[in-house]
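Here is the structure we will look at, set down as structure tokens.
Derivation of every value follows stated rules applied to the coordinates shown; laboratory data play no part. For clarity, every value in this text was computed on a predicted model and none was experimentally measured. Virtual Cβ from ideal backbone geometry, glycine too; neighbours counted across all protein chains shown.
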Amino acid sequence: MRDDRSVSKPHEGHSEPEKKEQSLKGAFASVMILGAFLAITWIGVFILFVARD
Amino acid sequence: MTDSKLSTFDRKDGQLVIAHVLFAFAALLLGGIAGMLQGMVKGGTISLPANIGYYELLTAHGVLMALIFTTYFIVGFLYSGVSQTLGGRLLPLTKKLGWIGYWLMSIGTLIGVVVILLGKASVLYTFYAPMKASPWFYVALALVVIGSWLSGFGIFYQYVQWRKTNKGKLSPLFAFMSVITMLLWQIATIGVAIEVVVQLIPWSFGWVETVNVVLSRTLFWFFGHPLVYFWLLPAYMCWYVIIPKIIGGKIFSDALARMSFVLFLLFSIPVGFHHQLMEPGISHFWKYLQVVLTFMVVIPSLMTAFSLFATFELNGRSKGTKGLFGWVKVLPWKDVRFFAPFMGMLIFIPAGAGGLINASNQMNAVVHNTLWVTGHFHLTVATSVALTFFGIVYWLIPVVTGRVLTPRLNKLGMIQTIIWCVGMFFMSGSMHTVGLLGSPRRTAYSTYDDHPDAIMWIPYHVAMAIGGIILFAGVLLIIYNLIALMRAPKGETEYPIGEVSDASEPTPRFLENWKLWIALTVILIVIAYTIPVIDQINNPTPGSPGYVTW
Amino acid sequence: MHMHRLEKIWLTAGVSMLVVFLLVLGIMTFGRGIAPPNEHIHRIDPTKVSETPPFDKPQITKIGDNVYKAVMVAYAFGYDPIPMEVPTGATVHFEITSSDVVHGFEIPGTNVNVMVTPGEVSHVSHTFDKPGEYLILCNEYCGIAHEMMKTTLVVK
């Protein structure tokens with residue numbers, strides 16, 4: 001995907017030029033917990049499926 | 001016009017929005033009464049008078065909640081945001097289409113409800129052939145769908161006009177998402193429209209003898225899965241666009257929000273076979289292919305989860321919170337406009353986990369047509385989506401009627417949200433558990449001749465009934481809150497449209513390339529459906545005559 | 001399109017998880033034959049079920065060493081034949097069709113769970129390792145007495 005044909009942002013906000021990568025470690029930790037929950041429930045029902053076959 | 005300066009909402013537009021919202025909640029009340037009674041019958045607590053059937057109530061509950069409450073609320077909500085962000089008022093043609101759509105849908109709903117309550121259409125909201133309802137039931141559904149199409153055309157028209165007068169500008173995020181939602185709806189409903197108009201109406205009037213059952217089910221589920229995304233996307237719109245403003249933060253990324261909506265458009269339609277995994281007439285290959293496509297539609301939800309947490313975290317950091325989860329503390333926990341949708345988001349995590357399991361090809365055998373599935377969509381649509389819609393009401397009604405949310409109503413809203421979550425914990429929790437034990441969905445009270453397996457299910461059914469009663473209290477409270485909002489003190493309420501974070505990257509232009517997205521959507525549908533559907537038509541299942549088995 | 005580094009890691013992890021799930025399901029389906037039911041398509045005129053073999057005589061027959069074939073008809077509101085009995089450890093191949101509306105065919109506690117669609121024949125197999133009276137019930141709404149639609153399979 002190419003960024004070069006981008007248009008200006010919808011809001012004329014004045015971006016602080018340099019601060020690119022903000023700290024999002026809290027968001028990252030949250031989604032990883034979410035992902036673990038998805039995996040655990042799926043594996044749980046998968047085991048039930050195999051056990052019943 | 002995405003700026004959020006205090007401006008009065010157009011009163012005439014407001015009437016259209018209010019008309020939709022009130023109709024939606026009238027449907028919620030009727031559907032809620034039916035739902036509570038069903039729960040009590042199934043739990044063995046009461047039996048209905050002889051002239052009211054359990055399945056009649058179940059049909060009314062499904063149609064009123066899943067089709068009427070949702071569609072009316074969605075159209076009302078989208079029109080409000082389109083009016084707000086695309087020029088400050090609805091164009092005359094848009095408003096006209098909105099009202100014609102409203103009346104067509106209302107006539108359809110009225111006919112449908114009467115036919116259902118007369119016991120002529122106890123076929124549930126999925127109306128699987130060859131159970132044959134009164135032809136007027138199908139006509140009623142067709143009117144609802146056609147009405148919603150006109151409302152969608154109104155949104156497209158306003159969007160196109162805005163683009164013409166604002167050449168080169170990026171459209172407001174709310175409007176972009178509204179267009180995606182309605183586009184998804186228009187494409188998806190083609191399937192059910194063909195089923196109803198070409199197959200069911202001529203057959204139920206007796207003009208043709210038989211119906212191709214397998215084809216009718218395929219056409220239904222072509223619509224049936226994107227239907228759930230039609231419910232979900234407006235809730236996502238609230239989460240992406242409204243919630244950042246309410247918490248006093250910024251939208252994490254406009255580009256990623258648009259990208260996730262595009263992915264929903266592409267991948268939520270060619271996936272209907274995952275509702276038909278356990279049935280004959282479709283080969284393994286095509287089932288599996290659509291399972292793969294179904295898993296693709298999980299990706300935009302994974303993106304959304306990150307975006308929302310990021311919005312919350314950046315908001316916290318801008319307010320000086322520290323640590324991994326310090327941002328949690330500065331969220332407005334006592335503001336129902338945040339709290340209700342937030343509970344919706346949280347509950348979408350188990351809801352999504354269940355969805356992944358449902359779509360997992362052969363694993364579907366564990367849960368197919370059990371109460372697990374009922375529990376699943378009571379988390380998705382009846383909690384994540386419904387709570388978000390409830391949360392919207394607390395600012396939308398004040399905005400469009402020129403009133404303000406009072407602290408007392410805010411508090412009642414908080415209580416309503418908690419009641420809903422507690423009721424759903426009992427109801428959906430029991431449904432999920434007893435579903436894994438094999439208890440079937442869509443059944444009245446039964447012990448299956450005192451079979452030990454079925455006896456073991458009864459306590460869970462009782463817990464479901466208790467949950468249902470708690471939820472009905474929640475329905476009554478939200479209805480009270482709605483009426484109280486309509487009589488709240490006069491004042492100015494701002495339409496909460498979020499602004500994009502200054503630090504986020506600009507939005508690439510290709511995201512508004514509609515020709516590209518529509519073409520890709522069509523290509524995916526063609527790949528997923530052409531061969532199996534041609535096979536179902538050229539090599540058809542022997543036709544079935546109609547049956548009235550209720 | 002620009003993405004935050006941590007979002008890239010998250011999406012990579014999430015998508016990998018989905019790919020692993022799909023691989024497991026795909027290998028089971030196409031490699032090991034543990035698939036959703038109904039690979040083969042067998043059509044039947046739903047109005048002539050009672051005169052079309054083998055469904056004119058619904059019955060359970062022994063076709064091999066502790067292997068049985070159950071030819072069954074689902075109708076509003078029951079199943080033929082009754083009663084059914086097999087020894088412990090028997091593998092039963094069910095072949096079911098409907099003589100009226102759409103029905104379900106579910107044996108709680110097992111993975112037997114198929115739709116029975118008029119005009120089609122549904123196939124599903126299961127090995128009954130434990131003795132007991134297995135409940136067979138309809139899990140697709142089929143009319144006024146849907147909740148009464150059941151039968152049993154006795155495994156001795």
With the Cα gyration tensor of region C:33-79 giving a ≥ b ≥ c as the square roots of its eigenvalues, does the rule (a/c under 1.5 for rounded; else a/b larger than b/c for prolate; else oblate) give rounded, prolate or oblate?
-> oblate
For the protein assembly as shown, give the magnitude of the charge dipole about the Cα centre (Cβ charges: +1 Lys/Arg, -1 Asp/Glu; no others), in debye to the nearest 20.
-> 2600 debye
Chain B, relative contact order in percent, only Cα pairs under 8 angstrom and at least six apart counted | 21 percent
Taking a ≥ b ≥ c as the square roots of the eigenvalues of the Cα gyration tensor, with a/c under 1.5 meaning rounded and otherwise prolate when a/b exceeds b/c and oblate if not, region B:459-550 is oblate
Considering the options C:121, B:177, B:293, tell which one lies farthest towards the positive end of the dipole of the protein assembly as shown, charges being +1 on Lys and Arg and -1 on Asp and Glu at the Cβ, about the Cα centre.
-> B:177
Given B:287/C:8; B:95/B:169; C:69/C:130, which pairs have Cα atoms separated by over 27 Å?
-> B:287/C:8
Rg (one decimal) and Dmax (whole number) from the Cα set of chain B, in Å, equal 22.9, 71
Dipole magnitude of region B:264-335 about its Cα centre (Cβ charges: Lys, Arg +1; Asp, Glu -1), debye to nearest 20 = 440 debye
Within a Cβ distance under 12 Å of residue C:133, other residues only, what is the Lys/Arg minus Asp/Glu net charge?
-> -1
Treating each Cα of region B:171-242 as an identical point scatterer and ignoring solvent, apply the Debye formula and state log10 I(q)/I(0) at q = 0.17, 0.18 Å⁻¹.
-> -0.67, -0.71
What is the Cα centroid distance between region B:42-71 and region B:456-515, reported in whole angstrom?
-> 24 Å
Run through the DSSP bridge list for the protein assembly as shown and note the antiparallel percent, rounded to the nearest 5.
-> 70 percent
Can you list the lysines whose alpha carbon is less than 28 Å from that of residue B:411, not counting same-chain residues fewer than 8 positions off?
-> B:5, B:245, B:250, B:319, B:329, B:334, B:490
FRET efficiency for residue B:107 and residue C:85, using Cβ-Cβ distance with R0 set to 60 Å, rounded to 0.05 | 0.60
At a Cα cut-off below 16 Å, give the aspartates and glutamates reachable from residue C:57, other chains included and same-chain residues fewer than 8 away excluded.
-> C:45, C:80, C:95
If you place +1 on the Cβ of every Lys and Arg, -1 on the Cβ of every Asp and Glu, and leave all else neutral, what size is the dipole of chain B about its Cα centre, to the nearest 20 Debye?
-> 1580 debye
Region B:288-351 to region C:107-156: how many Å between their Cα centroids?
-> 41 Å
Tilt relative to chain B, helix B:386-401 - C-alpha long axis, 0 to 90 degrees, to 10 = 50 degrees
Whole-Å distance, taken between Cα centres, linking region B:388-423 and region A:20-44 | 30 Å
Against the longest principal axis of chain C, how steep is helix C:5-26, in degrees 0 to 90 to the nearest 10, with axes from Cα atoms?
-> 30 degrees
